[in-house]
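**Student:** My questions will all concern the structure given below.
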Amino acid sequence: MFVIERKVWPLAVDSYIPVSQPDLSALERRYLLDAFDSTWISGAGDYVDRFEHQFAQFAGVSHAVSCVNGTAALHLALLALDIGTGDEVIVPDLTYVATANAVRYVGATPIFADCDSHTWNIDAASAASMMTDKTRAIIGVHLLGVPADVTALRDLVDAHHCAFIEDASEAHGAKWCDKPIG
Ligand SMILES: Cc1ncc(COP(=O)(O)O)c(C=O)c1O
């Protein structure tokens, strides 16, 4: 029988760099129990309203819609753009699996563009070389807190009259040209 040792945060970080560390305090616990006690634990309620309102302010936009997870958010963005079977969506070849999964969920085909060695994010020149008349969108993922080249990607989608979906799951709070990404 194997016993898996349970480790407690923070782990020793001298041997590796953690992608993220959970930041859970007494406040999160209090709010969680408060929501539980109120029975408003699903798609609506005071905490959802407050989260959406405060997140919109944080991101510098007029509206925010919370989703059950990041995969669902990508899925909804593609559905909202009416992207489906026969369409192509350009995605980075280094990303979390949700990027390509969401494209498959709507029946479209993910086309993998290379990433640049500086940011590790999608390279606009590589994405440009993948564009066809079936391309409906580019998903620009901002990996590990580092923004992708939003200016180059926006220019590219504007020139091809297709959509730009930003996946900021890993980089909330990062900025590109002084504006919040996403
Ligand atoms: C870049 C990126 N996109 C999407 C997701 C999907 O998020 P979720 O696991 O909440 O579905 C993740 C999750 O880590 C991610 O890192």
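None of the figures in this text is laboratory data; all of them are computed from the coordinates on show. Here the structure is a predicted model, which is why all the values come from computation and not from measurement. Using ideal geometry, Cβ is built from the backbone for each residue, glycine included, and neighbour counts are taken over all protein chains shown.
**Student:** Along the Cα-to-C-beta direction of residue 63, a point sits 7 Å from the Cα; which residues of the range 156-180 have their amide N less than 14 Å from that point?
**Tutor:** none
**Student:** Using the beta-carbon distance between residue 55 and residue 116 and R0 = 45 Å, what value does 1/(1 + (r/R0)^6) give for FRET efficiency, to the nearest 0.05?
**Tutor:** It comes out at approximately 0.95.
**Student:** Separate question: Before rounding to the nearest 500, sum -39500 (n - 2.57) across all DSSP H runs of length at least 4 in the chain and divide by the residue total; then give [θ] at 222 nm in deg cm²/dmol.
**Tutor:** My calculation for the chain gives -10500 deg cm²/dmol from helical runs alone.
**Student:** Got a sec? How would 75, 172 order by Cβ neighbour count within 10 Å, fewest to most?
**Tutor:** By the 10 Å Cβ count, ascending: 172, 75.
**Student:** Quote to one decimal, in nm, the extra length available between residue 154 and residue 27 on full extension: 0.36 nm per residue of separation minus the C-alpha distance between them.
**Tutor:** Working: separation 127, 0.36 × 127 = 45.72 nm, distance 3.91 nm.
Contour length minus the Cα-Cα distance gives 41.8 nm.
**Student:** Here's another thing I want to ask about it. Going by amide H atoms built from the backbone, whose H comes under 5 Å of the H on residue 123, apart from near neighbours?
**Tutor:** 114, 115, 116
**Student:** Need one number for the chain: average projected area of the convex hull over its C-alpha atoms, nm².
**Tutor:** So the mean shadow area of the Cα hull is 14.6 nm².
**Student:** Let me ask something else about it. Could you work out the local net charge near residue 80, counting Lys and Arg as +1, Asp and Glu as -1, over the other residues with Cβ closer than 15 Å to its Cβ?
**Tutor:** Values: positive: 136; negative: 82, 87, 166, 167.
Taking every Cβ under 15 Å from that of residue 80, the sum is -3.
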